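**Student:** The structure is given below, and queries will be raised subsequently.
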Amino acid sequence: MLDPREAAAWSLTLVRLYPRLSADDSPLDDSPFEPAAGPEAPHGIILSRMRILLSNDDGYFAPGLAALAEGLGSIGEITVVAPERDRSGASNSLTLDRPLMLSRAPNGFRYVNGTPTDCVHMAVTGLLDFEPDVIVSGINSGSNMGDDTLYSGTVAAATEGYLLGIPSIAVSLVGQEFRHFATAARIARDLVERLARAPFGAPVLLNVNVPDVPYEALRGVEVTRLGRRHKAQPVVAGKNPRGETVYWVGAAGPAREAGPGTDFHALERGAVSVTPLQVDLTHASQIPLVSGWISQ
Ligand code: MN
């Protein structure tokens, strides 16, 4: 747990970062962030009590995380616990072979020398003296569709929240230039507001991919299933300065199953994709097959 003095300092930092949280609502000159633009949240009393934990896999300094904090700062109390460096591709990994350290960035964000899963796990199971109402991970620089979800640290941070019983949302921006984080932040705000207004009624883990376009240019929101990719590109070999062979993991494969109803298809037509995920890897339909095979 944070000691009370540290917690007080932390709250003060958040008020300084997100002036709308402060009682007198007076903007502070040295705040590195402007309060989020856009309309005031409806039902402010309920929404202002929302406690939102943010994380990501691109690192605490990533522009997508700042955009998310700014976008959600108008509707809730923001706490950020994110990895100290880019841990994209970390999947659902916990660090068990060394101690983890919590640090504080000048903007109030907390960061950990661990994985996205470590961050959410630490925050929820020991760091915070409250349970977040919702966890949002992102905004990732790049898509997390189809098979990507198995490798993604962005999805993993949200999955950890889900496993700990908290509604969780992973948000990724799909494109090459990443110019419209604000679009994805607004989608995240829409979804969190919706969760506050209309609780889902079941454990929920949403994987959200947003086209990198202005909000007005989005072509709707589609609830989808995951598509599939072709096999990944081969590893790429090269030489390091000492003449030793080194390898880079190759690019993800192109979309293979990308028909109507998939996340790939939604993005292809310029819509936001929202895929509900689950964690049970059991291949239930193969249980009879394996039972027959194993008893031969
Ligand atoms: Mn990433």
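The values are calculated or read from the model by the stated rules, or taken from the named source; none is laboratory data. Predicted model only: the values in this text are computed from it and were never measured. FYI the Cβ positions are ideal-geometry reconstructions off the backbone, even for glycines, and counts take in every protein chain you see.
**Student:** Among the residues in segment 93-106, are any surrounded by 17 or more Cβ atoms within 10 Å (Cβ to Cβ) and in a loop (DSSP other than H, G, I, E, B)?
**Tutor:** So far as segment 93-106 goes, no, none of its residues is surrounded by 17 or more Cβ atoms within 10 Å (Cβ to Cβ) and in a loop (DSSP other than H, G, I, E, B).
**Student:** To continue, here is another question. Given the conditions (1) out of contact with any strand residue (DSSP E or B) (no Cβ under 8 Å at 6 or more places or on another chain); (2) over 20 Å from SER141 (Cα atoms); (3) surrounded by 10 or more Cβ atoms within 10 Å (Cβ to Cβ); (4) among the hydrophobic types (A, V, I, L, M, F, W, C), which single one is not true for ALA182?
**Tutor:** Of (1) out of contact with any strand residue (DSSP E or B) (no Cβ under 8 Å at 6 or more places or on another chain); (2) over 20 Å from SER141 (Cα atoms); (3) surrounded by 10 or more Cβ atoms within 10 Å (Cβ to Cβ); (4) among the hydrophobic types (A, V, I, L, M, F, W, C), only one is false for ALA182: (2).
**Student:** To continue, here is another question. Can you pull out the residues in segment 147-168 that are crowded, with 24+ Cβ neighbours inside 10 Å and either within 16 Å of the ligand (Cβ to nearest atom) or within 18 Å of LEU267 (Cα to Cα) (or both)? If you could, list the steps in order and put the result at the bottom.
**Tutor:** Step one: filter segment 147-168 for residues crowded, with 24+ Cβ neighbours inside 10 Å, giving 152-161, 168.
Selection gives SER152, GLY153, THR154, VAL155, ALA156, ALA157, ALA158, THR159, GLU160.
**Student:** Now a separate question. Report whether or not LEU127 is modelled with pLDDT of 95 or more and either within 16 Å of the ligand (Cβ to nearest atom) or within 15 Å of the chain's Cα centre (by Cα) (or both).
**Tutor:** Numbers: modelled with pLDDT of 95 or more: yes; either within 16 Å of the ligand (Cβ to nearest atom) or within 15 Å of the chain's Cα centre (by Cα) (or both): no.
Considered against the rule, which asks whether it is modelled with pLDDT of 95 or more and either within 16 Å of the ligand (Cβ to nearest atom) or within 15 Å of the chain's Cα centre (by Cα) (or both), LEU127 comes out as no.
**Student:** Now a separate question. Pick from VAL208, VAL236, VAL223: which is in contact with a strand residue (DSSP E or B) (Cβ under 8 Å, 6 or more places away or on another chain) and either under 25 Å from PRO63 (Cα atoms) or aromatic (Phe, Trp, Tyr) (or both)?
**Tutor:** After ruling out the rest, the residue left standing is VAL208.
**Student:** Residues that are surrounded by fewer than 14 Cβ atoms within 10 Å (Cβ to Cβ) and at pLDDT 95 or above, at least 2 per element: which strands (runs of 3 or more DSSP E) completely within segment 205-282 meet that?
**Tutor:** 236-239, 245-248
**Student:** From GLY220, GLY153, which residue is farther than 26 Å from ASN92 by Cα and either of a type outside the set (Lys, Arg) or touching a Cys at 6+ places or on another chain (Cβ under 6 Å) (or both)?
**Tutor:** Working: GLY153 fails: farther than 26 Å from ASN92 by Cα.
Every option except GLY220 fails the conditions.
**Student:** So, one more: Which pairs do you get when a residue that is among the basic types (Lys, Arg), found in segment 252-277, comes within reach of a residue that is part of a loop (DSSP other than H, G, I, E, B), reach meaning Cβ atoms under 8 angstrom, with the pair 6+ apart or on two chains?
**Tutor:** Qualifying pairs under 8 Å: ARG256/GLY227; ARG256/HIS230; ARG269/ARG219.
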